[in-house]
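The structure appears right after this line, and notes come after that.
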Amino acid sequence: MEQDQASIGADLQRRLDHYVRPGIPKYMAMRDAIAHAVADGSWLPGLRLPTELEWAATLPLSIGTIQRALRMLVDEGIIVRQQGNGTFVAGQPDESMHAPLHCRFIDDSGTGYLPVYPKIMDRYDAQAAGPWADHLRCARSLCIERVLAIGDEFSVFSRFYADPQRLSAFHNLPLKKLANENFKELIMRETAQAIGRMDQYLSTRKFDAAICKAIGVRAGTTGQRLDIRAFVGKGSPVYYQELFIPPNERVLHLARDGRDRGLAEG
């Protein structure tokens, strides 16, 4: 959910004028002001908040004070931080992906997965040569680049390749609408078939600078690359995907096929 950052800053400044009072630390005043804005419905779930530097440029508070207030709000579950994406009001925003197939990182309970928040970065015609072309065997391949925020812990970079003649929705839908679609479910609607077999290949790679910047990790970071060749029906290639996964402490549950409901089956 996007909102003019200046208006958010002005709103918080008005609220701070109410909460700043003698004997109350400024970080507590900022924490109380944001918590109240969320509680009264003025700041809705999924609202992107300004960065710490943007706060510091508009508020009479130091970076240290702002960081302390935001840490408290994260600990209380009022806001969430998504590495590479920003800071958001917590809740159930529309951009949370329903039933992800490939980014199934097991949560602390061991019985579910961390939420995935997709953001489309680009959509373009892919080069004619590449493993996606060998798999799809089509005259033209469409590539969709996304950053997938995994909870508030880390982000994964994704390149998704498909035949735009066969899966026209990936080419025709406005990016804002496509961003909220589960690609697996969209493929099922387009083809009237469930995704079946998936061949998955895991390797260790040094990420290029553009990927590191997109997911908010240091330049030259080495992580895992998961290449996925997916099929529908009796072995008909339907998409090719590359996932670039930075170092993290989570277990990734690999689906056995497109019908695998994961931990929900238990």
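The values are calculated or read from the model by the stated rules, or taken from the named source; none is laboratory data. Predicted model only: the values in this text are computed from it and were never measured. Note that each Cβ is placed from the backbone with ideal geometry, even for glycine, and that neighbours are counted across all protein chains shown.
Please state which one of 167, 136, 142 is in the same structural domain as residue 228 (by TED's automatic domain parsing), within 14 Å of residue 240 (Cα to Cα) and touching a His at 6+ places or on another chain (Cβ under 6 Å). Write out each step before concluding.
Values: 167 fails: touching a His at 6+ places or on another chain (Cβ under 6 Å); 136 fails: touching a His at 6+ places or on another chain (Cβ under 6 Å).
Within the list 167, 136, 142, the selection yields 142.
Which members of the stretch 13-33 meet the condition of being within 16 Å of residue 72 (Cβ to Cβ) and out of contact with any helix residue (DSSP H, G or I) (no Cβ under 6 Å at 6 or more places or on another chain)?
24, 25, 28
I'd like to know if the stretch 237-253 contains one or more residues that are more than 21 Å from the chain's Cα centre (by Cα) and in the same structural domain as residue 143 (by TED's automatic domain parsing). Write out each step before concluding.
Applying the first criterion (more than 21 Å from the chain's Cα centre (by Cα)) to the stretch 237-253 yields 237-238.
Adding the requirement that they be in the same structural domain as residue 143 (by TED's automatic domain parsing) leaves 237-238.
Yes, because at least one residue in the stretch 237-253 is more than 21 Å from the chain's Cα centre (by Cα) and in the same structural domain as residue 143 (by TED's automatic domain parsing).
Please verify whether residue 117 is within 22 Å of residue 176 (Cβ to Cβ), modelled with pLDDT of 85 or more, surrounded by fewer than 16 Cβ atoms within 10 Å (Cβ to Cβ) and under 21 Å from the mean Cα position of the chain (by Cα), treating the condition exactly as stated. Write out each step before concluding.
Numbers: within 22 Å of residue 176 (Cβ to Cβ): yes; modelled with pLDDT of 85 or more: yes; surrounded by fewer than 16 Cβ atoms within 10 Å (Cβ to Cβ): no; under 21 Å from the mean Cα position of the chain (by Cα): yes.
So residue 117 does not fit the description; no.
Name the single residue that is modelled with the lowest pLDDT among those in the stretch 209-258 being among the charged types (D, E, K, R) and exposed (fewer than 12 other Cβ atoms within 10 Å of the Cβ).
At the first step, the residues of the stretch 209-258 found to be among the charged types (D, E, K, R) are 213, 218, 225, 227, 229, 234, 242, 249-250, 256-257.
Within this subset, residues satisfying the condition of being exposed (fewer than 12 other Cβ atoms within 10 Å of the Cβ) are 218, 234, 249, 256.
Working: 218: 95, 234: 80, 249: 95, 256: 87.
Filtering the stretch 209-258 for residues that are among the charged types (D, E, K, R) and exposed (fewer than 12 other Cβ atoms within 10 Å of the Cβ), the one modelled with the lowest pLDDT comes out as 234.
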